[in-house]
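J.: Here you go, one structure.
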Amino acid sequence: MTETDVLVADFEQNRPRLRAVAYQMLGSLAEADDAVQETWLRVSRAGASGVENFGAWVTTIVSRVCLNVLRARRSRREDPMGVHVPDPIISRVDGITPEDEALLADSVGLAMQVVLDTLSPAERLAFVLHDMFSVSFDEIGPIVGRSTATTRQLASRARRRVQSAEIPVPDPDTARQREAVNAFFAAARQGDLEALVAVLAPDVVLRGDGGRARAEGTAVVRGARAVGSQAILFKQPDVVLRPVLVNGLAGVVVNVSGAPFAVMGFTVADGAIVQIHILADPDRISRLDLTMLD
């Protein structure tokens, strides 16, 4: 094998981890793929001569790329509507692929990604690398340009933010999750608000992201009765629901008139739906790979 062949093989071996790091950093599958591609370009130009730990080296590179993206995103203030639902990882109901499993890392549904979006770029990087991917603070410090002690404080501050968000722990049984989701849609199709309220936790939160094209669908709705009232739209006859896993939890792809309209992810705990995340931005929906459903 040539030196280039070895470099390509080593990079491809690390690609799943790099993509997972980038997704957890950015909450965007497209940006994660771009970050991995940029990492490869930098690696291919520099070569790996003298590199003792290739995996650690490329993780550092992709982390720097992601940090630049986060800082640029923060300066552009990309979410004028105030609500952002991260890109969902959509899997078939019969199982998560090894690639998707690597992407999910230790996150809990989309709820964790929503909280990560509230962190500063340096806090997010320190928390994701250390708490999700076991990178040492000595290695993280140079990436964010901070001392080891300061980097440890960044991760600690991020960890407190995550803990204070009280992200619900989902029911580990996906069959029980699906049972609650099915009950939700059955009640919605019947227009039965009381049945909807019964399957929703009293303090349920719905986050909808319709992007610029569907700004009317961008909102945060709280409370069982308010969320139940929103769900009545599923009575429409041209709505078809395709069960999927969304970030490892029960969800659906909503088709309207034969075309993907939205992705809904549910968090079910103690038999009740406690969180619903809806991505209905047509631009982002069009970029999702839904071929595994065919």
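J.: Looking at the stretch 147-177, which of the residues that are open to solvent by less than 40 Å² (accessible area, probe 1.4 Å) and part of a helix (DSSP H, G or I) is farthest from V93 (Cα to Cα)?
T.: By that ranking, first place goes to T151.
J.: Pick from R19, R15: which is basic (K, R), free of Cβ contacts under 8 Å to residues at least 40 places away in the same chain and either surrounded by 15 or more Cβ atoms within 10 Å (Cβ to Cβ) or farther than 23 Å from L116 by Cα (or both)?
T.: Criteria check complete, one pass: R15.
J.: Filter the stretch 196-223 down to the residues that are surrounded by 16 or more Cβ atoms within 10 Å (Cβ to Cβ) and of a type in the set (G, A, S), then identify the one that is nearest to the chain's Cα centre (by Cα).
T.: G208
J.: Could you grab the pairs with beta carbons closer than 8 Å, sequence gap of 6+ or different chains, first residue in the stretch 276-294 and touching a residue at least 60 places away in the same chain (Cβ under 8 Å), second one in a helix (DSSP H, G or I) and among the small types (G, A, S)?
T.: As it stands, the answer is H277/G109; H277/A111; I278/G217; A280/G217; R287/A30, since those pairs meet every condition given.
J.: Mind telling me which of the residues F127, F137 ends up being surrounded by fewer than 20 Cβ atoms within 10 Å (Cβ to Cβ), in contact with a helix residue (DSSP H, G or I) (Cβ under 8 Å, 6 or more places away or on another chain) and of a type in the set (A, V, I, L, M, F, W, C)?
T.: That would be F137, the only listed residue that is surrounded by fewer than 20 Cβ atoms within 10 Å (Cβ to Cβ), in contact with a helix residue (DSSP H, G or I) (Cβ under 8 Å, 6 or more places away or on another chain) and of a type in the set (A, V, I, L, M, F, W, C).
J.: Right, here's the next one. Would you tally the residues in the stretch 105-116 being touching a helix residue (DSSP H, G or I) at 6+ places or on another chain (Cβ under 8 Å) and open to solvent by 10 Å² or more (accessible area, probe 1.4 Å)?
T.: Here the count works out to 5.
J.: Now for a separate question. Tell me, which helices (runs of 4 or more DSSP H) wholly within the stretch 63-133 include 2 or more residues that are modelled with pLDDT of 90 or more?
T.: In the stretch 63-133, 109-116, 121-127 are the helices (runs of 4 or more DSSP H) which contain 2 or more residues that are modelled with pLDDT of 90 or more.
J.: Sticking with this one: Would you mention how many residues in the stretch 63-76 are over 18 Å from the mean Cα position of the chain (by Cα) and surrounded by 21 or more Cβ atoms within 10 Å (Cβ to Cβ)?
T.: So the count comes out to 1.
J.: Also, quick follow-up: Only one of R189, R207, R160 is without any contact (Cβ under 8 Å) to a residue 24 or more places away in the chain and of a type in the set (K, R). Can you tell me which?
T.: Selected residue: R160, the only one of R189, R207, R160 that is without any contact (Cβ under 8 Å) to a residue 24 or more places away in the chain and of a type in the set (K, R).
J.: Something else about it: Out of the residues in the stretch 41-59 that are touching a helix residue (DSSP H, G or I) at 6+ places or on another chain (Cβ under 6 Å) and open to solvent by 40 Å² or more (accessible area, probe 1.4 Å), which is nearest to D100 (Cα to Cα)?
T.: The qualifying residue nearest to D100 (Cα to Cα) is R42.
J.: Continuing with this model, one more query. Quick check: is even one residue across the stretch 4-26 in a loop (DSSP other than H, G, I, E, B) and modelled with pLDDT under 95?
T.: no
The values are calculated or read from the model by the stated rules, or taken from the named source; none is laboratory data. What you see is a predicted model, and the numbers here were worked out from it, not measured in a lab. Glycine gets a Cβ as well: all are built from the backbone with ideal geometry, and neighbour counts include every protein chain shown. The accessibility values were calculated without ligands, DNA or RNA, using every heavy atom of the protein model including side chains. Shrake-Rupley method; radii C 1.70, N 1.55, O 1.52, S 1.80 Å.
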